[in-house]
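Asker: Okay, handing you the structure first.
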Amino acid sequence: MPSEVIFPLAGKRVWVAGHRGMVGSAIVRRLADENCEVVTATRSEVDLKNPAQVQAFVADKKPDALFMAAAKVGGILANDTYPADFLYDNLMIAANVTEAAYRNGVGKMLFLGSSCIYPKLAPQPIPEDALLTGPLEPTNEWYAIAKIAGIKLAQAYRKQHGCDFISAMPTNLYGPGDNFDLNTSHVLPALIRKAHEAKVAGADHITLWGTGAPRREFLHANDCADACVFLMKHYSDFEHVNVGSGEDLQIIDLARLVCEVVGFTGEIRTDTSKPDGTMRKLMSGDKLKAMGWSARIGLKDGIEGVYQGMLLA
Ligand code: GFB
């Protein structure tokens, strides 16, 4: 039984920062059911790394609620290659939006973290209180530090100013509007593209990065958006909340599933010159489940939907 609604969205003005991204666009779609006014801004209208532009936008629009779905994101190789960009951009975005939300009396803000910010060797499934209990995964520690700062900003403004700022910690996400660039994307869209291009070209193999042995948990962006709206309406507390599917699988098995969906029957090879990253980061979903929410979109159905969407794009 879902917990009670403590922050109804009906009739409210809601800013979705990052509305064109995979998560932001899924949140905008999900808000269509909430009878609220959605406010958005493109990068050319508001540079979120510019404090004056963010302050002016929030002062002008005066949103009642804010989904912080804007971030510089990327897969393991992009994170490892551009540490300054991932740290600086995400720090500035989090700091500017949080400060502007406070200064303009935004009633509630949800900040989006990521499961990669937990310690590399956190106990599995990872509970929320594992945060900051051990060394980070080196390949994405820069992004992780920026996201941890974002979570701490929300907590600091709650503690000092009484702001109703909360944080969600989603697992690896995939879905409509994902990034399919093979150098900067996450694993799932990369494998879909690799398998499709190999099938079309009549190639005899595709190549995985790393050993294929790491395990990853995946959640469809539409489920993540539904969880974010649920938390906005039902949750108000200091600690972040894990948002996941509760299941993980080895990358090699993910590749086999993608090849099955795409219809590619060639060999799956590995390139161990590329990093594996953390070996596992399955999160505990107990806290959110106790509030009455759980994921609905299965991985195979989700991959089929993304593949069909890619073919139609
Ligand atoms: O999705 P991914 O790039 O990010 O990599 P992380 C997941 C696993 O898939 C790694 C392997 O072990 C990769 O080596 N992999 C195999 C591939 N083939 C490929 C491929 O073609 N492309 C990619 N990208 N990976 C990210 C963080 O870590 O998790 C981000 O770097 C973010 O900051 C995201 O937090 C959720 O799961 O390793």
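Asker: Between Gly134, Ile166, Thr81, whose Cα lies farthest towards the positive end of the dipole of the chain when Lys and Arg beta carbons carry +1 and Asp and Glu beta carbons carry -1, centred on the Cα centre?
Answerer: Ile166
Asker: Near Lys62, which lysines are there with a Cα under 21 Å away, not counting those fewer than 8 places off in the same chain?
Answerer: Straight-distance partners of Lys62: Lys12, Lys49, Lys108, Lys233.
Asker: When the C-alpha atoms of the chain are aligned to their principal axes, what extent does each axis show, in angstrom, from largest down?
Answerer: 58, 43, 42
Asker: Here is a follow-up. Trypsin sites (Lys or Arg not before Pro) within the range 223-301: which are DSSP loop residues with at most 12 other Cβ atoms inside 10 Å?
Answerer: Loop-located and lightly packed - Arg296.
Asker: To continue, here is another question. Evaluate 2.2 N^0.38 Å with N set to the residue count of the range 157-223, then give the Cα radius of gyration divided by it.
Answerer: Compactness ratio reported: 1.64.
Asker: Can you figure out the FRET efficiency of Asp301 with Lys159, using R₀ = 45 Å and their beta-carbon distance, to the nearest 0.05?
Answerer: 0.60
Asker: Roughly how tilted is helix 187-201, in degrees to the nearest 10 and between 0 and 90, from the longest Cα axis of the chain?
Answerer: 40
Asker: OK, next. Relative to the Cα centre, what is the charge dipole magnitude of the chain, using +1 at the beta carbon of each Lys and Arg, -1 at the beta carbon of each Asp and Glu, and rounding to the nearest 20 debye?
Answerer: 440
Asker: Ignoring everything except DSSP H segments at least 4 long, calculate the 222 nm mean residue ellipticity for the chain; use -39,500 (n - 2.57) per segment, divide by total residues, nearest 500.
Answerer: -13000 deg cm²/dmol
Asker: Tell me the chymotrypsin sites (Phe, Trp or Tyr not before Pro) within the range 212-250 that lie in a loop according to DSSP and have at most 12 other beta-carbon atoms within 10 Å.
Answerer: In loop regions of the range 212-250 (DSSP not H, G, I, E or B), the sparsely surrounded chymotrypsin sites (Phe, Trp or Tyr not before Pro) are Phe238.
Asker: Oh, and also: If Lys and Arg each add +1 and Asp and Glu each add -1, what is the summed charge of the other residues whose beta carbon sits under 12 Å from the beta carbon of Leu153?
Answerer: Net of charged neighbours comes to +3.
Asker: Could you give the longest part of the chain that holds none of the GluC sites (Glu not before Pro) found in DSSP loops with at most 16 neighbouring Cβ atoms within 10 Å?
Answerer: That gives 46-238 as the longest site-free run.
Asker: Something else about it: Would you work out the charge dipole size for the range 172-235 about its Cα centre, treating the Cβ of every Lys and Arg as +1 and the Cβ of every Asp and Glu as -1, and quote it to the nearest 20 debye?
Answerer: The dipole of the range 172-235 has a size of about 100 debye.
Asker: Now, a different point. From the phi of every residue in the range 38-53, what ³J(HN,Hα) in whole Hz does the Karplus formula 6.51 cos²θ - 1.76 cosθ + 1.60 yield, where θ is phi - 60° and glycine or proline is x?
Answerer: Working through the residues one at a time gives 9, 10, 9, 8, 7, 4, 6, 7, 9, 8, 5, 8, 9, x, 5, 5 Hz.
Asker: Now for a separate question. Which one, Leu153, Met310, Phe264, projects farthest toward the positive side of the charge dipole computed for the chain from Cβ point charges (K/R +1, D/E -1)?
Answerer: Farthest towards the positive end: Leu153.
Asker: With both partners inside the range 121-267, how many of the DSSP beta bridges are antiparallel, as a percent to the nearest 5?
Answerer: Around 30 percent antiparallel, to the nearest 5.
Asker: Mind putting a number on the dipole of the range 239-313 about its Cα centre? Charges go on the C-beta only, +1 for Lys and Arg and -1 for Asp and Glu, and I need it in Debye to the nearest 20.
Answerer: Rounded to the nearest 20 debye, it is 140 debye.
Asker: Rounded to two decimals, what is the ratio between the C-alpha radius of gyration of the range 1-59 and 2.2 N^0.38 Å?
Answerer: For the range 1-59, the normalised Cα radius of gyration comes out at 1.30.
No value in this document is a laboratory result; all are computed from the given coordinates. Here the structure is a predicted model, which is why all the values come from computation and not from measurement. Note: ideal-geometry Cβ built from the backbone for every residue, glycine included; neighbour counts use all protein chains shown.
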